[in-house]
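Take a look at the structure below.
The values are calculated or read from the model by the stated rules, or taken from the named source; none is laboratory data. Quick caveat: nothing in here was measured; it's all calculated off a predicted structure. Reconstructed Cβ throughout: ideal geometry from the backbone, glycine too, with neighbour counts over all protein chains shown.
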Amino acid sequence: MQRFNIYIKSKKFHWSTTLIIFTLILSLYIISVIKQNYFAPEKELFDEIILKSMLGLFILGFILKTIGLTKFKAINGKFSGFLEFYKDYIIIDQEKFKIDEITSIEISNNDYYGKLDRYTGFGPSLSNGINNQIVIRLNSEMTKSYNFELYNEYDMEKVEEELFYYYSKGKIDFFELAKILKIKSKTEIEEFRNQISLLK
């Protein structure tokens, strides 16, 4: 049986390295603007200190970014319970959802442990694999959404048999299934379509 950790994001505000550096740079800029508008406009020692401080913060940021290429992001939350896939039902944190009670299933599984994220500002660049999501829409018109952890990029293949069954029951769209299983090229998609055509 394959199961995945459920991730619950903290609602508390967390200061990141990027936010701290940009806040300091913005503060220095505002101080500089106020001084130019309300005090002597000529360039003085104070102005040089402001400019050099801003430049120093940018340099510090790039140094931290370089170091962060080998460091993991902060989790800023907690793990609680498991996501488990079975043919006739899905268990999420001990709550059972029968397949017959489900209208549709959507899964986003593009994140995994150790994935490099180059667009994280000045902070750590390695992911904890927690930005994956499953959305379940029920016959009662309720929608359930959960984030979960993936350790390896292709871990969802371990529940391929269950996903095929959900597809055969009309709970997962064909292109959604292909996306989950990382089937991308036109050739692969057509081959995959032929492979599962007999399931419905």
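Here the condition is being under 29 Å from F175 (Cα atoms) and either surrounded by 12 or more Cβ atoms within 10 Å (Cβ to Cβ) or without any contact (Cβ under 8 Å) to a residue 60 or more places away in the chain (or both); of I59, I67, I107, I63, it holds for I107 alone. Mind listing whichever residues of segment 52-84 are touching a helix residue (DSSP H, G or I) at 6+ places or on another chain (Cβ under 8 Å), over 18 Å from D111 (Cβ atoms) and not hydroxyl-bearing (S, T, Y)? Within segment 52-84, M54, L57, F58, L60, G61, L64 meet the criteria.
Selection within segment 90-137: residues that are modelled with pLDDT of 90 or more and basic (K, R). The member of this set that is nearest to W15 (Cα to Cα) is K115. Picking from residues in segment 111-154 that are free of Cβ contacts under 8 Å to residues at least 24 places away in the same chain and surrounded by 15 or more Cβ atoms within 10 Å (Cβ to Cβ), the one that is farthest from I25 (Cα to Cα) is G129. In segment 49-80, the qualifying residues are those that are under 26 Å from the mean Cα position of the chain (by Cα) and basic (K, R), and the one that is modelled with the highest pLDDT is K78. From the list I90, I59, I105, I6, the lone residue that is of a type outside the set (G, A, S) and farther than 27 Å from I134 by Cα is I59. Within segment 163-200, the set of residues being among the charged types (D, E, K, R), part of a helix (DSSP H, G or I) and within 30 Å of L126 (Cα to Cα) comprises E176, K179, E188.
Name the pairs: first residue in segment 174-200 and under 14 Å from I105 (Cα atoms), second residue at pLDDT 85 or above and polar (S, T, N, Q), Cβ to Cβ under 7 Å, at least 6 apart or on different chains? Pairs found: I180/N109.
Within segment 151-162, the set of residues being over 21 Å from G129 (Cα atoms) and either in contact with a helix residue (DSSP H, G or I) (Cβ under 6 Å, 6 or more places away or on another chain) or part of a loop (DSSP other than H, G, I, E, B) (or both) is empty.
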